[in-house]
Amino acid sequence: MYLSIPASVNYLTGQIDAENVVIKETKLSDLEGVFADETLRAKSVQDQIIYQVEMLPAQQAEGELNFGVSHIEPGSIGDEFHMTRGHIHQRQEQAEFYFGSQGEGLLLMQTEQGEVSIEKVFPGSVHHIPGFVAHRLINTGNTRLSALAVWPAIAGHNYDFLDEIGFKVRIFKSRTGYRIVHTDNIK
Ligand SMILES: [Fe+2]
């Protein structure tokens with residue numbers, strides 16, 4: 001019999017405690033063309049971290065699972081809230097679970113046909129992202145938004161989706177919190 005202490009996660013902050021945690025930062029300079037106002041994005045401080053993903057070392061084998069946490073820093077580019085680039089899985093049929101940890105935000109999901117659905121993300125929220133659905137996290141609050149994620153190792157990430165179709169809605173600040181705007185209505 002062998003007893004060991006596994007990796008752990010602080011559910012209140014999404015912080016992973018593991019020796020071999022892998023951290024990937026995404027700065028504003030990495031997000032060309034992602035926000036509605038590209039001119040403003042290009043003029044803003046480029047090395048600010050917009051989001052960070054912590055994960056346990058990536059698994060490769062079919063049937064395996066990955067575990068990670070996305071942390072999206074609060075803020076906006078103009079009135080558009082900080083968000084992840086968003087992706088659809090390379091193996092599009094592969095699903096994923098997200099779990100809200102801290103902060104408040106939205107999970108934007110969009111099918112291949114362009115049908116959009118949006119879920120509120122909050123501490124304790126559980127999100128099933130079916131296959132064939134692109135997904136993006138948006139921080140609509142004043143504090144860090146953190147969400148845990150579990151996804152199949154073979155799922156992969158396809159970011160070209162953005163160039164081809166893109167998300168049909170964007171989330172902007174409003175006096176009451178946020179407003180959801182269809183991209184057809186953005187000049
Ligand atoms: Fe995903």
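Readers should treat all values here as calculations from the given coordinates under stated rules, not as data from a laboratory. This is a predicted model, so every value here is computed, not measured. With ideal geometry, Cβ positions are generated from the backbone for all residues, glycine too; neighbour counts draw on all protein chains shown.
Among the residues of segment 56-72, is there at least one that is surrounded by 12 or more Cβ atoms within 10 Å (Cβ to Cβ) and charged (D, E, K, R)? No, the conditions are met nowhere in segment 56-72. Residues in segment 49-82 that are within 14 Å of the ligand (Cβ to nearest atom) and not hydroxyl-bearing (Ser, Thr, Tyr): Val53, Met55, Ala58, Leu65, Asn66, Phe67, Gly68, Val69.
The rows are residues; the columns are (1) within 16 Å of the ligand (Cβ to nearest atom); (2) more than 16 Å from the chain's Cα centre (by Cα); (3) touching a residue at least 24 places away in the same chain (Cβ under 8 Å).
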position	(1), (2), (3)
Gln110	yes, no, yes
Ala134	yes, no, yes
Asn142	no, yes, yes
Leu148	yes, no, yes
Trp151	yes, no, yes
Gly156	yes, no, yes
Thr176	no, yes, no
Arg179	no, yes, no
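Every test in (1) within 10 Å of the ligand (Cβ to nearest atom); (2) in contact with a Pro (Cβ under 9 Å, 6 or more places away or on another chain); (3) on the phi > 0 side of the Ramachandran plot is passed by His89 save one, and that test is (3).
Determine whether Phe35 is of a type outside the set (Val, Ile, Thr), within 16 Å of the ligand (Cβ to nearest atom) and surrounded by 15 or more Cβ atoms within 10 Å (Cβ to Cβ). Judged against the criteria, Phe35 is not a match.
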